[in-house]
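I have placed the structure first, in the form of structure tokens, so that the comments after it can refer back to it.
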Amino acid sequence: MERKCNNILITGGAGFIGSTIALKLVAQGCNVTVLDCLTEQIHGKNPNESELYNRIKGKVKFICGTVTSREDWKKALAGQDAVIHLAAETGTGQSMYEIYKYCNTNICGTALLLDILANEKHTIKKVIVAESRAIYGEGTYNCPHCGTVYPVAREEKDMLSGDFNVKCPKCGANAELVKTGEDCLIHPTSVYGITKQVQGELVHTVCKSLGIPSVSFRYQNVYGPGQSLKNPYTGILSIFSNSLRQNHDINIFEDGTESRDFVYIDDVADATILALENDKCAYKAFNVGTGKAVDVMTVAKYLKEFYKSNSEIHISGNFRLGDIRHNYADISLAQEILGYEPKFSFEEGLKKFCEWVLTQPLEEDNYKKSLDEMKEKGLYK
């Protein structure tokens with residue numbers, strides 16, 4: 001079957017998710033162009049030594065540039081059929097004090113793309129953009145008194161007293177987590193979440209007016225081989241792995257029962273690629289996860305055992321403003337329209353991730369430095 005989109009631009013295509021998608025598309029016979037600035041936070045001081053960059057080097061057309069440059073966008077868009085726009089600053093905690101950096105890259109970078117599509121000649125037939133589960137804030141809950149509710153950010157005074165439970169916004173009772181669908185009320189609790197919400201709304205609003213089909217993906221917590229072990233601001237599995245391999249103690253935030261929907265990188269890449277040739281997904285947003293929640297303490301214990309680490313795991317009671325308590329996705333829409341099915345259980349994926357980590361050199365453990373930055377800004381309690 002002849003593909004509608006054979007020439008594909010991936011922004012952030014040297015990153016964790018982008019490089020995985022790029023390699024899968026190349027294997028399918030697509031011509032892939034990558035626009036990436038090779039940021040030090042992900043690739044280190046010498047990008048030529050970056051595993052993520054080297055895995056795509058020579059296999060794609062690579063443009064070293066930034067989505068905040070109109071000229072870089074124009075150069076990268078030339079002759080393309082589709083854009084998979086992944087380039088973004090990522091990190092809930094860091095976003096709370098690097099506000100301009102996150103807004104400039106995530107929002108203004110996306111606005112530049114859309115401005116070019118609206119005002120200049122191009123060949124783009126589809127735009128895919130990465131949103132994030134962060135746009136939901138706390139997500140969907142059930143209150144025993146009020147039914148389905150969408151809680152707001154937790155109160156600092158409650159968490160300082162050791163009460164990390166999510167409250168019903170109507171009556172104040174403790175609420176129970178349920179799966180979060182795409183129709184959930186959107187109210188992000190971090191600057192990062194706000195930027196991802198705006199990205200999605202910008203893309204769908206402008207692309208619909210231009211008649212260019214657009215799709216957005218609300219990825220859950222993506223993990224797997226290739227995940228940056230250098231970035232201390234995001235990726236709990238990488239952060240814990242780096243510390244445990246060096247026998248540094250692990251401090252678990254809150255009470256250790258906070259949970260996430262961890263989804264394996266190959267499942268995320270496959271879901272994204274499915275949207276390229278699917279006509280039914282235009283102007284829709286899709287959750288991409290497993291539909292299952294795993295608590296942080298379970299993750300830490302598994303990693304410690306796998307690495308045979310001497311680290312101690314402490315439940316600190318500390319917390320970061322902007323973090324959510326729990327989240328897991330309702331993936332039924334992606335299953336119905338895209339035919340998406342996660343192939344990797346958390347246990348299978350985590351084993352593959354850990355085996356890969358052991359092949360990597362030890363990285364400097366900068367996690368404490370990242371927490372010190374937040375503490376200085378009054379965001380780490």
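Tabulated values for the structure
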{"item": "Enumerated helices (runs of 4 or more DSSP H) restricted to segment 37-135, each holding at least 1 residues that are surrounded by fewer than 21 Cβ atoms within 10 Å (Cβ to Cβ)", "result": "40-43, 51-56, 70-77, 99-102, 109-119"}
{"item": "Residue match in segment 172-184 (condition: hydroxyl-bearing (Ser, Thr, Tyr) and surrounded by 23 or more Cβ atoms within 10 Å (Cβ to Cβ))", "result": "yes"}
{"item": "Filter pass, residue 268 being under 30 Å from residue 155 (Cα atoms), under 18 Å from the mean Cα position of the chain (by Cα) and buried (at least 16 other Cβ atoms within 10 Å of the Cβ)", "result": "no"}
{"item": "Qualifying residue in segment 235-250 (condition: exposed (fewer than 15 other Cβ atoms within 10 Å of the Cβ), of a type in the set (Asp, Glu) and in contact with an Asp or Glu (Cβ under 9 Å, 6 or more places away or on another chain))", "result": "yes"}
{"item": "Number of the exception - residue 153 against (1) of a type outside the set (D, E, K, R); (2) surrounded by 15 or more Cβ atoms within 10 Å (Cβ to Cβ); (3) in the same structural domain as residue 320 (by TED's automatic domain parsing)", "result": "(3)"}
{"item": "Checking residue 188 against (1) within 27 Å of residue 256 (Cβ to Cβ); (2) within 23 Å of the chain's Cα centre (by Cα); (3) at pLDDT 95 or above, the condition it does not meet", "result": "(3)"}
{"item": "Filter result for residue 158 (assigned to a helix (DSSP H, G or I) and surrounded by fewer than 18 Cβ atoms within 10 Å (Cβ to Cβ))", "result": "yes"}
{"item": "Test set (1) touching a residue at least 24 places away in the same chain (Cβ under 8 Å); (2) more than 20 Å from the chain's Cα centre (by Cα) - residue 34 fails condition number", "result": "(2)"}
{"item": "Output for segment 330-381, where each listed residue is touching a helix residue (DSSP H, G or I) at 6+ places or on another chain (Cβ under 7 Å), of a type in the set (A, V, I, L, M), crowded, with 17+ Cβ neighbours inside 10 Å and not in a helix (DSSP H, G or I)", "result": "338, 379"}
{"item": "Residue that is surrounded by the fewest Cβ atoms within 10 Å (Cβ to Cβ) [pool: residues in segment 1-36 that are at negative phi, among the small types (Gly, Ala, Ser) and assigned to a loop (DSSP other than H, G, I, E, B)]", "result": "15"}
{"item": "Lone qualifier among 337, 331 - being within 15 Å of residue 263 (Cβ to Cβ) and among the aliphatic types (A, V, I, L, M)", "result": "331"}
{"item": "Residue 183 being more than 24 Å from the chain's Cα centre (by Cα) and either outside any loop (DSSP other than H, G, I, E, B) or of a type in the set (Asp, Glu) (or both)", "result": "no"}
{"item": "Within segment 197-218, considering residues that are in a helix (DSSP H, G or I) and aliphatic (A, V, I, L, M), the one farthest from residue 289 (Cα to Cα)", "result": "210"}
{"item": "Criterion (of a type in the set (A, V, I, L, M) and at pLDDT 95 or above) met by exactly one of 84, 42", "result": "84"}
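Residue by residue, here is whether (1) charged (D, E, K, R); (2) closer than 25 Å to residue 11 by Cβ; (3) in contact with a Cys (Cβ under 9 Å, 6 or more places away or on another chain) holds:
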{"residue": "201", "(1), (2), (3)": "yes, yes, no"}
{"residue": "218", "(1), (2), (3)": "yes, yes, no"}
{"residue": "226", "(1), (2), (3)": "no, yes, no"}
{"residue": "230", "(1), (2), (3)": "yes, yes, no"}
{"residue": "264", "(1), (2), (3)": "no, yes, no"}
{"residue": "274", "(1), (2), (3)": "no, yes, yes"}
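The values are calculated or read from the model by the stated rules, or taken from the named source; none is laboratory data. Keep in mind that what you see is a predicted model, and the values were worked out from it rather than measured. Cβ: placed from backbone, ideal geometry, glycine included. Neighbour counts: every protein chain shown.
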